[in-house]
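Comments concern the structure below.
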Amino acid sequence: MAKVAPEGLITALDVGSSKVSALIAQRSDDGTLVVLGTGQRESRGVKRGYVADMHATELAIREAVEQAERIAGQNIEDVWVSFSAGGLISDIVRLESDLGGHRIEQNDIDELLRAGRDAIDPQGKMVLHAQPTRYTVDGLAGVRRPLGLHAERLGVDIHVVATDGAPVRNLDHCVRSAHLEVRSIIAAPVATGLACLTDEERELGVALVEIGAGVTNVSVFSQGVLSGLASIPMGSADITDDIASSFGTARAWAERTKCFHGSANLSPRDNHEMIDVVPAIPDDGTEGPRITKAQLNAIIRKRLERLMGEIQKELKKLSFEDPAGRQIVLTGGGAELKGVADYAQQFLGSAVRVGRPKGLVALPEAHAGPAFATLAGLARFAATNPIDLRTLEPSRHQMVTRTNPGALFQRLIAAFRANY
């Protein structure tokens, strides 16, 4: 019989368009995360990151978590859940308070954060994250621990991620219907960045491109935080559909063939290597057509060209335009396609590497690839348990000014408490 969950147990749940995966990890005294069990089921109720069939999604969640529980030998009650659908917006809200030169005390910091909570109004959006990232002391940016310093003015940068509320509530309902408490719903790019990027990369500036089955998320990190993101309603499942449509075969055969034979690179040998196609509706005694590997890869590259073109457009909109010294990290299930990093590097003109999850002990090899980066990142996010301004009491005194009038959330200032 499964044991009662001990202290420090973390369960991550990634609900994607192609799979639902769960991970149970134990946080040790030294902060190490040890994986105890994992589970995975095919996702039949999620389209382009949105819940389209609640019953099918609930069933997949239940089965994935139960599989992880059996392997871990633990019963779990609550989970940290990823949200990867489109519509995510990210921005930094900057606030400042006048201290008059005295030494910064904890009350000064707390009051500034409470005022920051009051200053964020999503204007109909649902806030997923509202976290202080760093402080400013008399104009000096990048101060992580201002306590004890003398200052005339104390400022804070608040990272806010918001999205449409209905898709998040649908996801929340599916998880709770599977008899699980939702600790928090995390924007997938935030979690994936924790799993794949180093602190130095996030500080210097890096783009993270997560190619999922139905959605590709493009995120830009700078000065240590997520500074902008965009979603493209296209992913690796579209490559599979193109193969199935082009050669008159079933999606299952197209997916297997893409994984085993497909590549983003071309080779002269591809013209001589033959692949037997299994028709979608096989006829008795009739063999399916034969195609060359070159024909298969031509279909793959045609879709990749469209996807990379959209990625390039979004990177430009996010002001990630200087290829010199700037790196792009590919992750997600689509990053497992052979040669995709080389193809992206040639197309986008920046250094490209494939990002795999890190920071977890005893992670099974089957879950150590880029397709499971968000799952691992959720566990790492939960282990840090960062401050979220939505949990704070409202400010009693208005003592701050906003220092970024041109920012996105400057237009969203007044009714945070009305929504939360």
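General remarks:
- Seen through its C-alpha gyration tensor, with square-root eigenvalues sorted a ≥ b ≥ c, the range 124-180 comes out prolate because a/c lies at 1.5 or above while a/b is bigger than b/c.
- Net charge contributed by nearby residues that have their C-beta within less than 9 Å of E181 (K/R +1, D/E -1): 0
- Average accessible area per residue (Å²) across the chain - probe 1.4 Å, nucleic acids and ligands excluded: 46 Å²
- When the square roots of the Cα gyration tensor eigenvalues are ordered a ≥ b ≥ c, the ratio a/c for the range 1-118 is 1.5 or more and a/b does not exceed b/c, which makes its shape oblate.
- Bridges between two residues of the chain, per DSSP, are antiparallel at a rate of about 75%.
- Accessible area per residue (1.4 Å probe, heavy atoms of protein chains only) ranks T198, T136, T391 as T391, T198, T136, with the largest value leading.
- When +1 charges are put on Lys and Arg Cβ atoms and -1 charges on Asp and Glu Cβ atoms, the dipole computed for the chain relative to its Cα centre reaches about 440 debye.
- Whole-percent carbon and sulfur share, accessible surface of the chain, 1.4 Å: 48 percent
- Rounded to 5, the percent of DSSP beta bridges in the range 53-186 classed as antiparallel: 85 percent
- Aspartates and glutamates with Cα under 18 Å of K302, excluding same-chain neighbours fewer than 8 positions away: D238, D241, D242, E255, D270, E310, E336, D342
- Look at where the Cα atoms of the range 96-130 and of the range 204-276 average out, and the two centres are 41 Å apart.
- Between D14, D283, D53, the Gaussian network model of the chain with springs among Cα atoms under 10 angstrom shows the greatest mean-square fluctuation at D283.
- 14 Å beta-carbon shell around G139, net charge (K/R +1, D/E -1): -2
- Count Lys and Arg as plus one, Asp and Glu as minus one, and take only other residues whose Cβ is under 13 Å from that of L360; the net charge is then +3.
- By a 1.4 Å probe calculation restricted to protein chains, E203 has an accessible surface near 80 Å², given to the nearest 10.
- Residues A366 and R269, FRET efficiency given R0 of 25 Å [Cβ-Cβ distance, rounded to 0.05]: 0.25
- For the range 45-79, the residues whose backbone nitrogen is under 20 Å from a point 7 Å from the Cα of N385, taken along Cα to Cβ, are 75-79.
- Computed FRET value (nearest 0.05) for K358 with R145, which takes r as the C-beta separation and R₀ as 41 Å: 0.95
- Model label sites at R153 and R306, defined 7 Å from Cα along the beta-carbon direction, differ in position by 5.0 nm.
- Ranked from largest to smallest solvent-accessible area, with a 1.4 Å probe on the protein heavy atoms, C259, C174 come out as C259, C174.
- Shown are L88, L363, whose ranking by accessible area with a 1.4 Å probe and every protein chain present, most to least, is L363, L88.
The values are calculated or read from the model by the stated rules, or taken from the named source; none is laboratory data. Computed from a predicted structure; not experimentally measured. In this analysis, Cβ positions are derived from the backbone assuming ideal geometry, glycine residues included, and neighbour counts consider all displayed protein chains. Note: areas computed on protein heavy atoms with side chains; ligands, DNA, RNA excluded. Shrake-Rupley method; radii C 1.70, N 1.55, O 1.52, S 1.80 Å.
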